[in-house]
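One structure below.
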Amino acid sequence: MLRAFGILAILAHNFLHWLDGNPGENEFNFHASRGEDFLSGLSNSPEDAVRLIASFFFHYGVQIFVFLSSYGLCRKYSDHIPRYFGFCKQRLLALYPSILIAAAGYLIYESIQLGPATVFQTHGLHLLGQTTGLSTFVADNVYLPIGPWWFISLILQSYLITPPLIRLVRKAPRKAPICLITLSLVLEYTLAKSMEHHLGININHTVLGHLDVLALGMMFAYQPPKIIPAWLSLSCLAVVVLGNFVAWLWPLTFIAVTILTLVIFRNLLTSIDEGSWLGRALALTGQLSLMLFLTNGYLRQPLVKITNHYDHPLIHLAFLALFCLFTFCVSLLLSWILKRLQAEYRKRTSRQSVT
């Protein structure tokens, strides 16, 4: 269910931060002016607080997925170390059917609006770069044609380093994650600017910028803490807030918000009855989270354009709800199509093996 809350935060952010008057967000780099614009927006339009907060802070939902991916993989391989190429093959086979069906949905959706020739000529190579994870290493092409798909490269890179990290963390479940977290922060403080200046690569588009959260997931998988002390929770809250206004604190916000989220939702999730309508809805949303992530980036634009014609917070939130519902329906349809195709493929291969 934590996955459901993470994807809902991402959907809200990805839609609302495109609306006019957005203060920006310190997601991949830091600018103090964004924090100032956020506070100015809250002061001048307190009735618009929900949109401003979601736009400014909810990109941190990505960290929940990084944490859960690392945590889940470590739990899966808790009793053995996966073979490197077998692990990579298995993860790619689990990931790419969803990417390909979502990419097909994008091509159809955009072709209806712009025409097939325009879509393939304009976005074909960029789409190929994103689906293969190479766009991260091409300056100015990271967000083309689908903004959130920069994350695909991060997923692929994390798969490449997970087996050796599992081997390392299993040997030292406490010390190894702490060393990895420290390494990630050192790289962020020392390497980030030179990487962007000389190579045109933002470290936060790569696994190096998220190694701290990956390591945190591994730590929780192998040695979960019985309790997170109050002083740590309050410190994380202070870091998340101040880190969006003070440059030297900003790199710490990603791991801080992950810890803070775990504290907040630990009690909340246990209070939700899995058999209730809310529990079932959250469970389904969590199951659809990958497809929701893959589709929301290209489904939002027409609704964003319409929403920007209105200057009222309640209308903005109404269109956000409509966007979430639309994305949910499309994701449900694409997931159903994918399952049918996979079932048909298994049926045919089983027939061939029999014959």
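Every read-out reported here was derived from the displayed coordinates using simple, explicitly stated rules and does not represent laboratory data. These figures come from a predicted structure and were not determined experimentally. Glycine also receives a Cβ, built like all others from the backbone with ideal geometry; neighbour counts cover every protein chain displayed.
What FRET efficiency would be calculated for the residue pair CYS179, ILE53, taking the C-beta separation as r and a Förster radius of 41 Å, to the nearest 0.05?
Values: r = 35 Å, r/R0 = 0.84.
My answer for the efficiency is 0.75.
Each label point is 7 Å from the Cα along the Cα-to-Cβ direction; what then is the distance between the points at LEU234 and LEU134, in nm?
If labels sit at LEU234 and LEU134, their model points lie 5.3 nm apart.
To the nearest 20 debye, what is the magnitude of the charge dipole of the chain about its Cα centre, counting +1 on the Cβ of each Lys and Arg and -1 on the Cβ of each Asp and Glu?
On the way: 25 positive and 17 negative charges, 404 e Å.
About 1940 debye.
Select from SER233, SER271, SER335 the residue whose mean-square fluctuation is largest in a Gaussian network model of the chain (Cα-Cα springs shorter than 10 Å).
Result: SER271 has the largest fluctuation of those listed.
Which value, to two decimals, describes the C-alpha radius of gyration of the chain once divided by 2.2 N^0.38 Å?
Values: Rg = 20.8 Å, N = 355, 2.2 N^0.38 = 20.5 Å.
Cα-based Rg divided by the globular estimate yields 1.02.
Along the charge dipole of the chain, pointing to its positive end and built from +1/-1 on Cβ of Lys, Arg, Asp and Glu, which listed residue (ASN202, VAL50, ASN26) has its Cα farthest out?
ASN202
Using the Karplus curve 6.51 cos²θ - 1.76 cosθ + 1.60 with θ = phi - 60°, what ³J(HN,Hα) values do you get for each residue of region 266-278, in whole Hz, with x for Gly and Pro?
Each residue's phi maps through the Karplus curve to give 4, 7, 5, 5, 5, 8, 8, 6, 4, x, 6, 4, 5 Hz.
Please compute the alpha carbon radius of gyration of region 142-212, then divide it by the globular-protein estimate 2.2 N^0.38 Å. Two decimals is fine.
That works out to 1.23 for region 142-212.
Which of the trypsin sites (Lys or Arg not before Pro) across region 10-98 are loop residues per DSSP, with 11 or fewer other Cβ within 10 Å?
On the way: sites: ARG34, ARG51, ARG75, LYS76, ARG83, LYS89, ARG91; in loops: ARG83.
Passing sites in region 10-98 are ARG83.
Can you compute the modelled spin-label distance between HIS80 and SER111, with each label point 7 Å from Cα toward Cβ, in nm?
4.3 nm
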